[in-house]
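Written below as structure tokens is the structure these notes are about.
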Amino acid sequence: MKKKLFLTALFLNLSVVPSIIPPYCTFTTKVLASEVPGIQPYTEETGYKYKVINGKLHKRLWSFKYNKWLEPKWTLVE
């Protein structure tokens, strides 16, 4: 009698559990757009700094993100 009751309870338990699991709980993986190589979420902010040397205007590229020069020397603005 106990064995029959146990088997009936086990059968009912196993038949009810799959219907409770929602359909969005699948175990497949999807690649997100942010994981695709080549897409960068941040951009580097750059701009030119200007300086007068010997009465002539020069410029040099500056990185505002890293606070450093991106060009090795000043170039003459024509």
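The values are calculated or read from the model by the stated rules, or taken from the named source; none is laboratory data. Everything numeric in this text was worked out from a predicted model, so none of it was measured.
Brief remarks follow.
- Among the residues of the stretch 61-78, those identified as under 37 Å from the mean Cα position of the chain (by Cα) and farther than 16 Å from E44 by Cα are P72, K73, W74, T75.
- Residue count for the stretch 29-78 satisfying the condition of being in a loop (DSSP other than H, G, I, E, B), aliphatic (A, V, I, L, M) and modelled with pLDDT of 90 or more: 2.
- Test: residue in the stretch 1-12 that is within 30 Å of the chain's Cα centre (by Cα) and at pLDDT 80 or above: no
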